[in-house]
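Okay, so here's the structure we're looking at.
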Amino acid sequence: MLSDFFSGFPSPAEWEALTLSFKISGVGVLAALPLALVTGYGLARWRFPGKALVEAVVHLPLILPPVVMGYLLLISFGTKAPIGGWLLETFGFRFVFSWTGAALAVAVLSFPFQVRAIRLAVEGIDPALEEAAAILGAGALDRFLTLILPLAIPGILAGAVTAFTAGLGEFGAIITFVSNIPGETRTLPLAIYSVLQSPGGELAAARLALLSITLALLGLVLAEALGRRAQRRLGL
Amino acid sequence: MSLEVRLRHRLGDFALEADFSVPRGGVTALFGNSGSGKSTTLKAIAGLIRPDEATIRLGGTGIEGVPPHRRRIGLMFQDSRLFPHLSVRQNLVYGAKRAAEGVDGGLLDHIVGMLGIGSLLDRRPRGLSGGEAQRVALGRTLMTKPRALLLDEPMASLDQPRKEEILPYLQRLPEEADIPILYVSHVLDEVSRLADRMVVLDRGKVAAEGDIVDVLSRLDLFPLTGRFEAGALIDGAIQVHDPTTALSAVAFDGGMIWVPALDAPEGSPVRLRIRARDVLLATRTPDALQADLSANSLLSGTVTGMRADEKGPFLEVQVTCGGTKILSRITRRSAQRLGLAEGSPVTAVVKTATVDRRLASVR
């Protein structure tokens with residue numbers, strides 16, 4: 001019975017959805033990382049007017065319905081939208097109906113996870129160490145690269161893994177922004193949705209769902225392990 | 001090349017208005033209670049805060065506009081602030097790697113040898129004791145070949161044995177680096193053993209600046225230096241050791257004081273700190289007293305100043321013995337009984353037992 005359930009796993013369609021999910025989520029998280037580093041560091045260390053607003057905007061994707069995020073992406077990055085139109089005209093590049101659009105959706109939606117982890121990691125570093133580094137001749141970028149980054153790296157990795165895992169499960173924004181195209185934008189959740197639309201797809205959906213749950217668990221365990229490593233590294 | 005500091009800074013109700021200079025050769029102590037503005041002053045010199053107004057000249061050049069990482073001023077903190085992800089060796093060269101001359105291998109060997117940290121080089125800071133960490137922190141600062149050195153209560157977080165462990169290294173600093181050295185502390189014992197000059201900071205203003213022996217012999221600074229710990233410094237030299245009684249005699253311009261045996265050859269320069277509360281005054285001459293008194297050290301002098309606390313029981317008396325000023329704290333009652341006044345001839349009596357090792361330092 002159980003062996004029947006897993007027979008022929010993964011099927012070509014399942015494999016395609018799995019690899020596509022990894023590609024989209026991976027590229028999305030990596031693309032967002034540099035901005036997440038600056039934002040996370042800034043929220044941890046800088047005081048500036050409008051900080052509360054920046055914090056709110058960063059966390060918005062956690063609160064807003066993903067469909068609304070997809071809609072917002074569509075009206076900014078669609079081919080007739082201001083940014084999307086400009087990209088198409090200048091570089092012949094478009095996000096809509098492309099996996100890059102799905103990656104953009106993942107980048108935006110998982111941004112709060114990354115920023116939050118980086119911010120916590122930076123806040124765990126004694127600012128006195130940065131003063132000491134400055135006195136020893138290290139400029140701001142030097143201090144960031146040789147002090148903040150190495151001390152925060154386990155936290156940064158934990159954040160990236162959480163964001164990546166969350167990105168694997170993104171549905172609403174992707175389907176709204178870049179539609180459900182097999183081999184292009186049909187990630188695991190979209191594949192589950194598709195098989196459920198056809199009669200007798202329950203078994204296929206169960207297999208994909210089990211795969212999703214396993215990946216999510218693995219991701220969370222890995223993130224937790226990296227977080228603990230971060231604490232040890234800071235001597236906490 | 002000296003360090004000249006002129007600061008104006010407001011922080012809420014607190015106003016800092018500090019003008020002083022730190023010459024090279026020797027240590028200048030920046031002394032004051034907590035809240036006197038010591039830390040703010042130090043941070044301003046290092047460039048970690050931007051004061052409202054500042055003129056900071058190092059070797060005649062204004063550096064107040066230079067960002068901290070280009071000032072080339074060494075700053076050693078209370079806590080060692082070693083980088084936890086780097087080994088001791090990597091910590092030591094962190095600053096030097098960023099200097100124009102790069103890492104000086106000869107200097108590294110010299111500093112590692114001087115501070116006795118050779119066996120720690122491959123360890124991470126987490127496993128180091130407080131004293132070891134402070135020695136590494138000092139080495140890290142010296143490796144940058146700073147143009148001035150600031151020490152922010154570097155022994156404050158250490159217990160007494162660890163303090164005794166690091167003190168000799170701090171005492172050797174002036175011969176290691178011929179640069180202005182500013183030592184911040186609120187502990188008279190430390191300052192007395194390390195410093196040659198003293199700047200007393202009181203609620204953001206400089207209350208006194210000058211040779212530490214002169215400053216500490218002043219009567220008007222008692223409220224700032226602390227009545228209990230206050231006392232005069234005496235610079236002298238070991239005249240003779242007496243092994244049978246385990247005492248050493250320290251001679252100075254004005255007399256001789258017997259102290260518990262010092263571990264240094266005869267002739268070695270010694271600084272004594274004689275606390276005011278440890279000095280008795282008598283109106284008879286030393287010769288008349290000697291036979292009937294257990295105290296070993298009797299100094300004949302003249303009262304050159306008296307300062308009473310309005311309501312309190314005590315009176316501070318400055319006694320000049322030869323070229324040396326000694327302070328004594330007696331009750332107002334005693335002063336009346338003895339009829340003491342400025343110009344009175346007196347004998348200052350010092351018990352050997354009050355001069356412990358912390359108060360007698362071989363220079």
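The values are calculated or read from the model by the stated rules, or taken from the named source; none is laboratory data. As the structure is a computational prediction, the values presented were derived from the model and not from experiment. Neighbour counts run over all protein chains shown; Cβ positions are idealised from the backbone, glycine included.
Taking each residue of segment A:131-151 that is more than 7 Å from chain B (Cβ to nearest Cβ) and looking for partners that are of a type in the set (K, R) and part of a helix (DSSP H, G or I) with beta-carbon atoms closer than 6 Å, six or more apart or interchain, yields A:A133/A:R143. Restricting attention to segment A:72-109, the residues being part of a helix (DSSP H, G or I) and of a type in the set (G, A, S) number 8.
Only one entry of B:L289, B:L272, B:L280, B:L247 meets the criterion of being surrounded by 20 or more Cβ atoms within 10 Å (Cβ to Cβ) and touching a residue at least 12 places away in the same chain (Cβ under 8 Å), and that entry is B:L272. For B:I63, the test of being at pLDDT 90 or above, within 14 Å of chain A (Cβ to nearest Cβ) and under 26 Å from B:I166 (Cα atoms) is failed. Taking every residue in segment B:79-92 that is basic (K, R) and pairing it with any residue that is at pLDDT 90 or above, at least 6 positions away or on another chain, the pairs with Cβ-Cβ distances below 7 Å are B:R81/A:A128; B:R81/A:L129; B:R81/A:A132; B:R81/B:A137; B:R89/B:L121; B:R89/B:D122. Scanning segment B:217-230 finds no residues that are crowded, with 21+ Cβ neighbours inside 10 Å, under 30 Å from B:Q90 (Cβ atoms) and either at pLDDT 85 or above or of a type in the set (F, W, Y) (or both). Is it the case that some residue within segment B:147-158 is in contact with a helix residue (DSSP H, G or I) (Cβ under 6 Å, 6 or more places away or on another chain) and modelled with pLDDT of 90 or more? Yes, that holds for at least one residue.
Which is buried (at least 23 other Cβ atoms within 10 Å of the Cβ), over 20 Å from B:E190 (Cα atoms) and either small (G, A, S) or within 14 Å of another protein chain (Cβ to nearest Cβ) (or both), of B:A18, B:A54? Before you say what the answer is, go through the steps one by one.
Numbers: B:A54 fails: buried (at least 23 other Cβ atoms within 10 Å of the Cβ).
Being buried (at least 23 other Cβ atoms within 10 Å of the Cβ), over 20 Å from B:E190 (Cα atoms) and either small (G, A, S) or within 14 Å of another protein chain (Cβ to nearest Cβ) (or both) holds for just one of B:A18, B:A54, which is B:A18.
The single condition among (1) assigned to a loop (DSSP other than H, G, I, E, B); (2) without any contact (Cβ under 8 Å) to a residue 40 or more places away in the chain that B:L315 does not satisfy is (1). For segment B:314-363, residues that are in contact with a helix residue (DSSP H, G or I) (Cβ under 8 Å, 6 or more places away or on another chain), within 21 Å of B:E229 (Cβ to Cβ) and of a type in the set (S, T, N, Q) total 3.
Out of segment A:169-187, which residues are part of a helix (DSSP H, G or I) and buried (at least 24 other Cβ atoms within 10 Å of the Cβ)? If you could, list the steps in order and put the result at the bottom.
Within segment A:169-187, the first condition is being part of a helix (DSSP H, G or I), and the residues that meet it are A:172-178.
Result: A:A173, A:I174, A:F177, A:V178.
What are the residues in segment B:57-71 that are crowded, with 18+ Cβ neighbours inside 10 Å and either part of a loop (DSSP other than H, G, I, E, B) or touching a Gly at 6+ places or on another chain (Cβ under 7 Å) (or both), if any?
To start, the set of residues in segment B:57-71 that are crowded, with 18+ Cβ neighbours inside 10 Å comprises B:58, B:63-64, B:68-69, B:71.
Listed by number, the residues that qualify are B:I63, B:E64, B:P68, B:H69, B:R71.
The helices (runs of 4 or more DSSP H) located wholly in segment B:184-281 that include 1 or more residues which are under 30 Å from B:L338 (Cα atoms) occupy B:212-216, B:222-225. Only a single criterion out of (1) within 14 Å of chain A (Cβ to nearest Cβ); (2) surrounded by fewer than 16 Cβ atoms within 10 Å (Cβ to Cβ) is not satisfied by B:Q171, namely (1).
Listed residues B:R89, B:R81; which is more than 18 Å from B:I179 (Cβ to Cβ) and either over 28 Å from the mean Cα position of the chain (by Cα) or more than 11 Å from chain A (Cβ to nearest Cβ) (or both)? Before you say what the answer is, go through the steps one by one.
Details: B:R81 fails: either over 28 Å from the mean Cα position of the chain (by Cα) or more than 11 Å from chain A (Cβ to nearest Cβ) (or both).
Every option except B:R89 fails the conditions.
Every test in (1) outside any helix (DSSP H, G or I); (2) modelled with pLDDT of 90 or more is passed by B:A133 save one, and that test is (1). Just one residue in the set B:V136, B:V184, B:V112, B:V200 is over 22 Å from B:R81 (Cα atoms) and surrounded by 19 or more Cβ atoms within 10 Å (Cβ to Cβ); that residue is B:V200. Tell me which of these B:R337 doesn't satisfy, since it passes every other one: (1) surrounded by 15 or more Cβ atoms within 10 Å (Cβ to Cβ); (2) not in a loop (DSSP other than H, G, I, E, B). For B:R337, the failing item is (1). Look at (1) free of Cβ contacts under 8 Å to residues at least 24 places away in the same chain; (2) part of a loop (DSSP other than H, G, I, E, B) and you find that B:G106 fails only one, number (2). Among the candidates B:G74, B:G37, the residue that is buried (at least 21 other Cβ atoms within 10 Å of the Cβ) and within 11 Å of chain A (Cβ to nearest Cβ) is uniquely B:G74.
Confirm whether B:K163 is assigned by TED's automatic domain parsing to the domain that holds B:V22 and more than 15 Å from the chain's Cα centre (by Cα). Can you show your working first?
Working: assigned by TED's automatic domain parsing to the domain that holds B:V22: yes; more than 15 Å from the chain's Cα centre (by Cα): no.
Judged against the criteria, B:K163 is not a match.
The single condition among (1) touching a Leu at 6+ places or on another chain (Cβ under 9 Å); (2) over 22 Å from B:V213 (Cα atoms); (3) within 14 Å of another protein chain (Cβ to nearest Cβ); (4) of a type in the set (A, V, I, L, M) that B:A100 does not satisfy is (1). The residue list B:A133, B:A148 contains one member that is of a type in the set (G, A, S) and within 22 Å of B:F31 (Cα to Cα), which is B:A148.
The single condition among (1) without any contact (Cβ under 8 Å) to a residue 12 or more places away in the chain; (2) in contact with a strand residue (DSSP E or B) (Cβ under 8 Å, 6 or more places away or on another chain) that B:F31 does not meet is (1).
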